[in-house]
Amino acid sequence: MSESALTPEPSELGQLRRERLLSARLYVCTDLQRFILRPDAGPVDELDLESLRQFYVDAFTGGVDIIQVRDKNVSVQTEIAALTLLKQVADEHGGLSAANDRADLALITGVDVFHVGQEDLSTDQARAILGDDVVIGRSCRTFEQVRAAVEDIGIDYYCTGPVWETPTKPGRAAVGTELPARASVLETAKPFFAIGGINAENLHEVTEAGAERVVVVRAVTEAADTVAAAQALREQLPG
């Protein structure tokens, strides 16, 4: 396939999403387990949508730029409900909504961002399903994968990690701060996010290594005060 065929040609909506991506610094991934009220009540009603909405609102209010729903232990309909709600709240707050792995769910719910791992859909496959307006990101564990993501015209951003071992990625070895440090000196305008075990106490190690953007999970999702937790992270990031 030619380079021109691979190059996204976004509409005004796609351009707006990419502008927001470039200004984004704080990215949160959340599962849905703590929002499930009645696991056997049905595919959608099991979610406490009021509490989930409040979490989304608080996260964006505290300075989160992107929220991704990532939970492989819920039904498809439950994930669709969560993503649909996320898209609504993100639009209200000028943030970005993200789906993980499932291009069909990203398409159905109209989220802004689709994120994949190394073993998931190729960029061409994702673009064939989602078109050019959706922002696409990819996880990278090695410098070779980073280079590939930088050179991939269809990829809008990439993540480097896990910086530290984390229970959200059991069995995956930590890469330390070296990978984001190497990524930070590449001559490219493509943004990247450091990910993996990052919290308000160790964030300075990541920024000192050269990363200006981070993805967190527990540092926000397990906080007693979502707004305050997000603010504590955002205040340490540039821009």
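The values are calculated or read from the model by the stated rules, or taken from the named source; none is laboratory data. Bear in mind that the values here come from a model prediction, so they are computed numbers and not experimental data. Every residue, glycine as well, gets a Cβ built from its backbone with ideal geometry; the counts of neighbours run over all protein chains shown. The area values use the complete protein model at the heavy-atom level, side chains included, leaving out ligands, DNA and RNA. Shrake-Rupley method; radii C 1.70, N 1.55, O 1.52, S 1.80 Å.
The table below lists the values:
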| quantity | calculated |
| --- | --- |
| Filter result (of a type outside the set (A, V, I, L, M, F, W, C) and either in contact (Cβ under 8 Å) with a residue 60 or more places away in the chain or part of a helix (DSSP H, G or I) (or both)) within the range 108-130 | T109, D112, T123, D124, Q125, R127 |
| Candidate set: the range 162-203, residues that are small (G, A, S) and on the phi < 0 side of the Ramachandran plot; chosen: the one surrounded by the fewest Cβ atoms within 10 Å (Cβ to Cβ) | A189 |
| Test set (1) at negative phi; (2) buried (at least 16 other Cβ atoms within 10 Å of the Cβ); (3) not basic (K, R) - Q54 fails condition number | (2) |
| Test: residue in the range 161-169 that is touching a Pro at 6+ places or on another chain (Cβ under 9 Å), among the polar types (S, T, N, Q) and outside any loop (DSSP other than H, G, I, E, B) | no |
| In the range 178-233, the residues that are under 16 Å from the mean Cα position of the chain (by Cα), of a type in the set (G, A, S) and under 18 Å from S139 (Cα atoms) | A194, G196, G197, A211 |
| Condition met for R17 (under 29 Å from Q118 (Cα atoms) and either at pLDDT 95 or above or surrounded by fewer than 19 Cβ atoms within 10 Å (Cβ to Cβ) (or both)) | yes |
| Residue within the range 141-154 that is over 30 Å from L107 (Cα atoms) and either assigned to a loop (DSSP other than H, G, I, E, B) or open to solvent by 20 Å² or more (accessible area, probe 1.4 Å) (or both) present | yes |
| Verdict on A59 being touching a residue at least 40 places away in the same chain (Cβ under 8 Å), small (G, A, S), outside any strand (DSSP E or B) and open to solvent by less than 20 Å² (accessible area, probe 1.4 Å) | yes |
| Sole exception among (1) part of a helix (DSSP H, G or I); (2) touching a residue at least 40 places away in the same chain (Cβ under 8 Å); (3) touching a helix residue (DSSP H, G or I) at 6+ places or on another chain (Cβ under 7 Å) for T78, by number | (3) |
| Test: residue in the range 81-90 that is part of a loop (DSSP other than H, G, I, E, B) and in contact (Cβ under 8 Å) with a residue 24 or more places away in the chain | no |
| Residue, nearest to T188 (Cα to Cα), within the range 220-239, restricted to residues that are part of a helix (DSSP H, G or I) and open to solvent by 30 Å² or more (accessible area, probe 1.4 Å) | R234 |
